[in-house]
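Heads up, the thing below is written out as structure tokens.
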Amino acid sequence: MDDSKVFNDPIHGTVKLDPLLIKIIDTPQFQRLRNIKQLGGGYFVYPGASHNRFEHSIGVAHLAGQLVEALRARQPELNIDDRDVLCVKIAGLCHDLGHGPFSHLYDQMFIPKVPPGPLGDKMAKWKHEEASVEMFDHLLESNNLKLVDYQLKLPKDLDFIKEMIIGPKDPEGGQEDPNADRKEKKSFLYEIVANKWSGIDVDKFDYFARDCHHLGMKNNFDHLRFIQFARVCEVEGLKHICSRDKEVNNLYDMFYTRNCLHRRAYQHRVNKIIEYMIAEAFLKADKHIQIIGSQGQEYTLSTAIGDMEAYTKLTDHVFEQILNSSAVELAEAKKILERIISRDHYRFLGEIKPRQVPTKVCINVFVYLYQITRWITAYIW
């Protein structure tokens with residue numbers, strides 16, 4: 001009996017996922033993504049941007065499967081097997097498990113500003129990709145989910161999935177790399193979910209299409225066409241996913257879409273002001289938010305990244321928790337969030353003073369340009 005399930009996605013239409021992926025989706029660690037906004041504070045600017053990391057992750061798993069299956073069908077000599085395909089799909093599904101409240105706001109605007117504490121260097125160097133790998137381990141352990149029951153080999157395939165999320169790494173202490181053969185013969189598999197080589201991967205394919213859809217913007221990039229024409233070629237001894245020369249305009253459209261999304265949404269001035277305010281509120285509320293983790297230990301808004309059981313409980317709901325709190329300790333943070341709700345945003349964040357160029361240099365440049373103009377004019381006449 002086929003235990004796979006079908007999802008009706010507004011971007012990709014009918015999406016069918018394997019039984020193991022369904023098992024992962026039906027865990028508290030993955031369901032948590034339903035309550036983490038894809039665009040952070042963007043929802044306060046664009047009313048349609050209410051989508052979450054949950055549906056994005058399902059979309060990435062679907063596209064990862066489409067791309068790897070297309071390469072297998074088009075180039076049988078690559079020897080892509082069923083285990084490779086399943087691992088790629090799992091990596092696509094779990095690549096964002098480590099996101100905190102309001103997505104990148106948490107790991108880029110809040111965590112870097114938290115003073116050093118009990119976590120030490122981990123706080124300064126922490127990235128959501130690392131948390132995704134830790135959360136994936138926690139997901140498998142706490143739900144007693146055994147990958148070997150689905151014909152995957154441990155620890156080889158488990159390490160492979162993690163490396164596709166966080167990037168390939170060299171084994172420490174002279175240990176043998178269980179995936180050395182994959183890195184040599186199937187290096188292109190590491191470029192499907194998170195491409196560290198060219199930056200062109202299915203993660204971007206999904207969030208370009210999904211964000212444009214919910215923001216009400218046009219997406220000029222055709223990811224299905226890219227998948228149709230993608231091939232694996234050998235470049236400097238390694239196999240990479242490449243595209244035909246006639247696809248250059250489609251790739252231009254992809255990077256142009258990325259530029260438009262940053263310019264019009266991700267870096268929108270009101271969006272950045274709101275995210276700055278939320279991050280500031282989180283900093284003021286940090287020590288006063290108590291989250292119960294493993295063995296009943298309490299963690300704060302920032303230290304929860306050190307315990308995945310506590311981190312599982314940390315979602316966008318912390319915004320409402322602060323906003324509706326009557327605690328005196330959270331009064332300052334609450335006031336900031338109330339200003340967001342009432343559209344009383346900060347008006348001045350800082351200023352940049354341009355570097356002063358010496359007057360003598362300006363005069364010399366002007367004289368030089370003037371001389372060139374005279375020489376060109378004399379030559380023409």
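The values are calculated or read from the model by the stated rules, or taken from the named source; none is laboratory data. Computed from a prediction, not measured in an experiment: that's the story for all the values here. Cβ placement follows ideal geometry from the backbone for every residue including glycine, while neighbour counts extend to all protein chains displayed. Protein only, heavy atoms only, side chains kept; ligands, DNA and RNA dropped before computing areas. Shrake-Rupley method; radii C 1.70, N 1.55, O 1.52, S 1.80 Å.
Things to note:
- Looking only at residues of the stretch 7-20 that are within 12 Å of G59 (Cα to Cα) and not in a loop (DSSP other than H, G, I, E, B), we find that the one that is most open to solvent (accessible area, probe 1.4 Å) is N8.
- For V68, the test of being open to solvent by less than 40 Å² (accessible area, probe 1.4 Å), free of Cβ contacts under 8 Å to residues at least 60 places away in the same chain and over 21 Å from H128 (Cβ atoms) is failed.
- Which numbered condition V232 misses (of (1) more than 23 Å from the chain's Cα centre (by Cα); (2) of a type in the set (A, V, I, L, M, F, W, C); (3) buried (at least 21 other Cβ atoms within 10 Å of the Cβ)): (3)
- Condition check for L105: touching a Pro at 6+ places or on another chain (Cβ under 9 Å), touching a residue at least 12 places away in the same chain (Cβ under 8 Å), more than 30 Å from A230 (Cα to Cα) and open to solvent by less than 60 Å² (accessible area, probe 1.4 Å): no
- Within the stretch 20-53, the set of residues being closer than 18 Å to P10 by Cα and in contact with an Asp or Glu (Cβ under 9 Å, 6 or more places away or on another chain) comprises L33, R34, K37, Q38, L39, A49, H51, N52, R53.
- Filter result for N259 (assigned to a helix (DSSP H, G or I), open to solvent by 50 Å² or more (accessible area, probe 1.4 Å), out of contact with any Leu (no Cβ under 6 Å at 6 or more places or on another chain) and of a type in the set (S, T, N, Q)): yes
- Within the stretch 192-206, the set of residues being within 16 Å of L71 (Cα to Cα) and assigned to a helix (DSSP H, G or I) comprises just one member, V202.
- Qualifying residue in the stretch 310-320 (condition: under 25 Å from F30 (Cβ atoms), touching an Asp or Glu at 6+ places or on another chain (Cβ under 9 Å) and not small (G, A, S)): yes
- Evaluation of F205 against (1) in contact with a Lys or Arg (Cβ under 8 Å, 6 or more places away or on another chain); (2) among the hydrophobic types (A, V, I, L, M, F, W, C); (3) closer than 28 Å to R182 by Cα; (4) surrounded by 17 or more Cβ atoms within 10 Å (Cβ to Cβ) (one fails), failing number: (1)
- Qualifying residue in the stretch 235-244 (condition: modelled with pLDDT under 95, part of a helix (DSSP H, G or I) and open to solvent by less than 60 Å² (accessible area, probe 1.4 Å)): no
- Some residue of the stretch 33-44 being of a type in the set (A, V, I, L, M, F, W, C), open to solvent by 40 Å² or more (accessible area, probe 1.4 Å) and either closer than 30 Å to I341 by Cβ or outside any helix (DSSP H, G or I) (or both): yes
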